[in-house]
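J.: This structure is in structure tokens; I'll ask about it shortly.
The values are calculated or read from the model by the stated rules, or taken from the named source; none is laboratory data. Source: prediction; values computed, not measured. Neighbour counts are summed over all protein chains in view; Cβ atoms, including those assigned to glycine, are modelled from backbone coordinates with ideal geometry. Side chains are part of the model used for accessible areas, which takes the heavy atoms of the whole protein and leaves out ligands, DNA and RNA. Shrake-Rupley method; radii C 1.70, N 1.55, O 1.52, S 1.80 Å.
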Amino acid sequence: MLKELVQKFASVREINLMRIKEAKDTGRKVVGIYCTYCPQELILAAGAIPVGLCGTSEAPIAAAEETLPRNLCPLIKSSYGFAVTDTCPFFHFSDLVIGETTCDGKKKMFEIMQDIKPVHVMQLPHLNNTQASFDLWVDELRRLKLRLEEELNVQITDEEIWKAVDVINREKKALKAIFDLNRADPPPISGIELLTVAWSRSFSSNKGEMIDNLNGLVKEVGLQEKTISDPAPRVLLTGCPVGLGSEKVIRLTEELGAHVVAMENCSGYKTLDLQTDTAGNDPIVALAEKYLAIPCSCMSPNSYRLELLNSMIDDFRVDAVIDLTWQACHTYNIEAYEVGKVVKQKGLPYLHLESDYSNSDLESLKVRIEAMLEMVEK
Amino acid sequence: MIGIGIDIGSVATKGIIINGDKQCRAMVPTGWSPRDAGQAIIDQLLDLSGIERQEVEHIFVTGYGRVAFEQADKTITEIKCHARGIAELYPEVRTIIDIGGQDSKVIRVGEEGRVLDFAMNDKCAAGTGRFLQVMATALGLDVSELGQSEEPARNLSISSMCTVFAESEIIGLLARGNDKGGIIAGLHQSVGKRVAAMARRMGIKEQVAFTGGVAINLGVKRALEEEIGCMVIVSEACQYTGALGAALLASQL
């Protein structure tokens, strides 16, 4: 039954492709997004459908390298490659694409992408602890609101934004409940299943239905019979974003007999504790607060990520931590030093891997992961 | 309990059989078939020890070829096997530097061969036996001759880490009339630097052991000691460290 439910999530992408096409035919607008920093609430409040476009497949990278440098992060190359080859239907259907200046690579890639689609780039501050940064981010949210109103020819009211805030808050809560199931021993959901659910969610055109499905999954797992404790090592994955197509580290780890019980990355737990505060008067300010709190390595300082990792290691009874950096992602690569310190202080093995979307390093990844798991076995 | 440990490396396949306090060892070139090399080692070990195949309780296999070998009762990583092997030979060692044919690694160990941390070089021949093999060919030597042919006093530093570029660099140095001894010392320095950087990143704790096929090369040992600033221990059986670890685990010692 659990397998079937997860399978239902796996088919979300396909089903919603048809729905989005139908919705487009009736005049609804689609807005493509790349990153968890994008305030989806504004898109929902504009009556449009937000869809995730973040590239997680190696397939279009060769085409992207005709324009972009080879020594660039695979996520950027994949995202651009899908756009330039017109092989991602969700990009194809997007009326507007929203990007953020999360890193130099994305910032400059979005300039080139404007030749293919209208792209709106939000300037994300580098610091998250100054008033000037916060004010800039509030302005950027207001600028996005204006652009959406112009581009989609709508009026976005505060009332609609608050409604959308409620929807996204509920969605996050439901997804968090699914991730939290894996605090149990044995973990009821495999890492690949968890990824399938979390990643597929970004393609849904109907948030209400998605929230019901997420809650249904939690309920179903609750009804399952409790099995006995499992001695397999419990691994936490952190670092760069992972999606279906770039899940090789999760797959290898589970093939080697361990459980990936938790993921602290942006398709995982990173944003799930963050709820938009609904007590204030200005929904834009409330959204700015929530989004600026996201513990991405592009922010400085990024102490909340280390606190989050620290508590996740305890809550999910983690035995070892894998920190995955995609090639040329400097901020995650450098922050690995701090993450390593936190993990080692807790007496756990810490494995930092640098890789790309290709399969060329499967064997060398495997020997490293295997050696780390051997460190856990007594 | 009788156990066999086999380390199927990219260049050589090493094996050790343990029967109580008796040990026999054998080595063959891996060639193109890790499976055949593993089988050849088992045959040689049984021959040498006079033990029958069915008397052997466990065969544990490590090294890059471990996954291709169906007769393995268990496969273990090189990291754990080197740690176990060194714990037997030199229990005081806390850092292992292993340079093999296609990779190099640094392993920090605690008591009884417990692995505390490790690092491996990435996707590149720099700082491996392969690097030295290519350079030896360019110099018209066998890789085994490099150690005795170096002249550290006339060390010519090689600036390229990349195997392909370093090869053109030494061809250039030879063309300008430089002699081989200084070039070889420079090559050893280059390997030592590369591996020492990896070791320092993880933190070096004495004593330090140097294992793997490249440890036979006294020039690399010298360069490594200079770069990390302390003495390194090389066992006469340095190439067999991984196989020894696997054999000890297989015979549950």
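J.: Rg over Rh of region A:2-159, using C-alpha atoms and the Kirkwood radius, what does it come to? If you can, show how the numbers build up before the last one.
T.: Working: Rg = 16.6 Å, Rh = 16.8 Å.
Ratio value, two decimals: 0.99.
J.: Give, rounded to the nearest 20 debye, the magnitude of the charge dipole that the protein assembly as shown has about its Cα centre when Lys and Arg contribute +1 at Cβ and Asp and Glu contribute -1 at Cβ.
T.: Details: 66 positive and 86 negative charges, 68 e Å.
I would put it at about 320 debye.
J.: Using a 1.4 Å probe on the protein heavy atoms only, what accessible surface does B:Asp43 show? Give it in Å² to the nearest 10.
T.: Roll a 1.4 Å probe over it and B:Asp43 shows about 80 Å².
J.: Just the Cα atoms of region A:238-304, one point each, no solvent: what log10 I(q)/I(0) does Debye give at q = 0.18 Å⁻¹?
T.: Summing over Cα pairs of region A:238-304 leads to -0.78.
J.: While we're here: Cross-link partners among aspartates and glutamates for B:Lys180, C-alpha distance below 14 Å, same-chain residues fewer than 8 apart left out?
T.: Straight-distance partners of B:Lys180: B:Asp142, B:Glu145, B:Glu150, B:Glu151, B:Glu167, B:Glu169.
J.: At R0 = 41 Å, how high is the FRET efficiency between A:Thr227 and A:Asp277 if r is their beta carbon distance? Nearest 0.05 is fine.
T.: 0.55
J.: At B:Cys162 and A:Asn129, where each label point lies 7 Å from the Cα along Cα→Cβ, what is the point-to-point distance in nanometres?
T.: It works out to 4.1 nm between the two label points.
J.: Determine how large the accessible area of B:Leu174 is when every protein chain is in place; take a 1.4 Å probe and give Å² rounded to the nearest 10.
T.: 60
J.: Diagonalise the Cα gyration tensor of chain A and give the resulting equivalent ellipsoid semi-axes, square root of 5 times each eigenvalue, largest first, whole Å.
T.: Three semi-axes, in Å: 32, 23, 22.
J.: Which of the pairs A:Lys173/A:Lys270; A:Lys8/A:Lys173; A:Lys3/A:Lys24; A:Lys8/A:Lys207 have their Cα atoms more than 22 Å apart in this structure?
T.: Correct reply: A:Lys3/A:Lys24.
J.: When a/c is below 1.5 the answer is rounded, else prolate if a/b is larger than b/c, else oblate, so apply that to region A:169-376 with a ≥ b ≥ c taken from the square roots of the Cα gyration tensor eigenvalues.
T.: Because a/c hits 1.5 or more and a/b fails to exceed b/c, region A:169-376 counts as oblate.
J.: Give me the dipole magnitude in Debye, nearest 20, for region A:272-361 about the Cα centre, with unit charges on the beta carbon: positive for Lys and Arg, negative for Asp and Glu.
T.: Approximately 200 debye in magnitude.
J.: For B:Val67 paired with B:Gln102, estimate the spin-label separation in nm (one decimal), with each label point 7 Å from Cα along the Cα-to-Cβ line.
T.: Here the modelled spin labels are 1.1 nm apart.
J.: Let me ask something else about it. Measure nothing fancy, just the Cα-based angle from helix B:241-250's long axis to the longest principal axis of chain B, in degrees from 0 to 90, nearest 10.
T.: Long axis of B:241-250 versus the principal axis of chain B: about 20 degrees.
J.: Turning to a different aspect of this structure: Once the Cβ-Cβ distance between A:Glu209 and A:Ala59 is put in as r, and R0 is 41 Å, what FRET efficiency do you end up with, to the nearest 0.05? All intermediate terms of the calculation are to be shown ahead of the outcome.
T.: Values: r = 29 Å, r/R0 = 0.71.
Efficiency at R0 = 41 Å is approximately 0.90.
J.: Each label point is 7 Å from the Cα along the Cα-to-Cβ direction; what then is the distance between the points at B:Asn178 and A:Glu220, in nm?
T.: 6.6
J.: Considering the dipole of region B:92-234 built from charges on the beta carbon (Lys and Arg +1, Asp and Glu -1) around the Cα centre, which of B:Cys162, B:Gln133, B:Val232 is farthest to its positive end?
T.: Value: B:Cys162.
J.: Can you tell me the FRET efficiency between B:Arg201 and A:Arg142 if r is taken as the Cβ-Cβ distance and R0 is 56 Å, rounded to the nearest 0.05? Could you put the intermediate results ahead of the total?
T.: On the way: r = 46 Å, r/R0 = 0.81.
So the FRET efficiency works out to roughly 0.80.
J.: Any chance you could get the radius of gyration and Dmax over the Cα atoms of the protein assembly as shown, in Å?
T.: When restricted to Cα atoms, the protein assembly as shown yields Rg and Dmax of 28.0, 89 Å.
J.: Still on this structure: Lysines near B:Lys22 by alpha-carbon distance under 24 Å, same-chain residues fewer than 8 away left out - which ones?
T.: B:Lys14, B:Lys74, B:Lys80
J.: Here is the link list: A:Lys29/A:Lys163; A:Lys77/A:Lys176; A:Lys176/A:Lys290; A:Lys106/A:Lys145; A:Lys77/A:Lys107. Which ones come out longer than 23 Å on Cα distance?
T.: A:Lys77/A:Lys176
J.: Turning to a different aspect of this structure: Starting from 0.36 nm per residue, how many nanometres of slack lie between B:Met231 and B:Gln54 once their C-alpha separation is accounted for? Before the final figure, lay out each step's value.
T.: Working: separation 177, 0.36 × 177 = 63.72 nm, distance 4.36 nm.
Roughly 59.4 nm would be gained on extension.
J.: Compute, for region B:38-133, the length of the dipole vector about the Cα centre, with Cβ point charges of +1 (Lys, Arg) and -1 (Asp, Glu) only. Units Debye, rounded to 20.
T.: So the dipole magnitude of region B:38-133 works out to roughly 500 debye.
J.: Let me ask you something else. Taking amide H positions as placed in the peptide plane 1.01 Å from N, state which residues far from A:Glu264 in sequence (5 or more) or on other chains have amide H under 5 Å from it.
T.: Close amide H contacts, sequence-distant or interchain: A:Leu237, A:Thr238, A:Tyr269.
J.: Within region A:170-185, list the residues whose amide N lies under 15 Å from a label point set 7 Å along Cα→Cβ of A:Lys8.
T.: In region A:170-185, the label zone of A:Lys8 (backbone N under 15 Å from the point 7 Å along Cα→Cβ) covers A:175, A:178.
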